[in-house]
Amino acid sequence: MSGKDYYKILGVEKNASQDDVKRAFRKLAHEHHPDKGGDEAKFKEINEAYQVVGDEAKRKQYDQFGAAAFDGSGGGNPFGGAGGFPGGFNFDFGGGAAGFEDLSDILGGMFSGGAGSGFAGGGNRRSQGENIEVGIRLSFKEAIFGVEKEISLTRNSTCSRCAGTMAEPGTKMKTCTTCDGKGFRITTQRTLLGAMQMKTACDECHGVGEKPEKFCTECHGKGVIHGRATVRVDIPAGVDDGVTVRVRGEGESIGSLGEKGDLYLRIRVDADSRFKRDGLTIFVVKNIGFTQAALGDTVDVDTVDGKVEVKIPQGTQSGSELRLRGKGVPSSRGRGDEIVVIQVITPTKLNKKVQELLREANLKE
């Protein structure tokens, strides 16, 4: 068997019963849950193992082909996926209702609530909380250099008392009588393709297959608490107006056996009267006088880092551009440049002496 050893990850023997697998998973999930200070990577590995070994049909495929049957690498499967089809879909219609499990996953979005309808404890997709999208305003400089922001939002957060398990701490679990511990129920729906058997999470145990003898007194058996939450997020340097920043795992929670959704931040950047931005380049207009343009000068120019001195060459024309390297927008490829656009201001009021001098100079093209 190649790839990951899911039995070893769950700490059970290959001949362990489904109930033993479920008990081992619950114990490890409690121990490694990130909300209880556990290792997030380990928790995801445990959950991945349970999604396969905790499902009888997938377990048979795993015992035959190994983890390669589920990672698309092929293994012993000539089609590169479980059940002989690309992507791991199993269209084996033999064996009664179980033959429809993966097909119901594919069509589940049409009839049972979309991507959020997957469930753990016998389901074929990992459950995940809803994503949250909020808008956030940044100043021009905050967008250029990045900033840490506190975001206040209303969401379902994992209950801190029961860590999302729904059970009062110390309470034993019992088999759900509604689904007989399967975590799901089978229903038949008529579709354009004919009668289809659909597999949906048990409403009573939320797809877990077990219920606590006493529900958590904090969340009343929901596994989550609905309320205001404050999230500290790092906005990366160089974000632009209109982009969306993804913050993993800061969306809605659905308890201990599912992953949290993500938080999406819609960025709006306030304009700055001094600067304009085009990708990694910042533009600034510098007004200079006729004499400065003709004879040259050294002037102060605004940059996002502060004022810097810039030399104006003799004979500079209006509309000329001077490049300040490394004064633009930061990125993974390095920092962009700032372009100083020179605008020569022609005087509108001249005394008689200056007028006479200009006539004598007879400055023409």
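Only the coordinates and a few stated rules stand behind these numbers; no lab work does. Quantities reported herein were computed from a predicted structural model and do not represent experimental measurements. Please note: Cβ atoms are built from the backbone with ideal geometry, for glycine as well, and neighbour counts cover all protein chains shown.
A few points about this structure:
- Cut-off under 5 Å, modelled amide H: who pairs with Cys176 long-range: Gly181, Glu210, Lys211
- Which of Asp297, Asp39 has the fewest Cβ neighbours within 10 Å, and the rest in rising order: Asp39, Asp297
- In region 284-325, taking the dipole from charged Cβ atoms about the Cα centre, the farthest positive-side position among Gly289, Val310, Ser320 is held by Ser320.
- Under 5 Å, built H, 5+ apart or other chain: amide partners of Ile151: Val231, Arg232, Val233
- Spin-label model, Asp337 to Lys44: label points 7 Å out along the Cα-to-beta-carbon direction sit 4.1 nm apart.
- Charging the Cβ of each Asp and Glu at -1 and of each Lys and Arg at +1, and nothing else, the dipole of region 275-361 about its Cα centre rounds to 100 debye.
- Ranked list, fewest to most other Cβ atoms within 10 Å of each Cβ, for Lys182, Lys174: Lys174, Lys182
- Cα-projected label distance for Ile186 with Phe283, points at 7 Å along beta-carbon direction, nm: 6.7
- Arg248-Asp300 FRET efficiency (beta carbon distance; Förster radius 35 Å; 0.05 resolution): 0.20
- Exposure proxy ranking for Tyr6, Tyr264, based on other Cβ atoms within 10 angstrom of each Cβ and starting from the fewest, stands as Tyr264, Tyr6.
- Taking amide hydrogens as placed 1.01 Å from N in the peptide plane, the amide H of Thr316 sits under 5 Å from those of Gly296, each at least 5 positions away in sequence or on another chain.
- Equivalent-ellipsoid semi-axes of region 290-365, from the Cα gyration tensor, Å, largest first: 34, 12, 9
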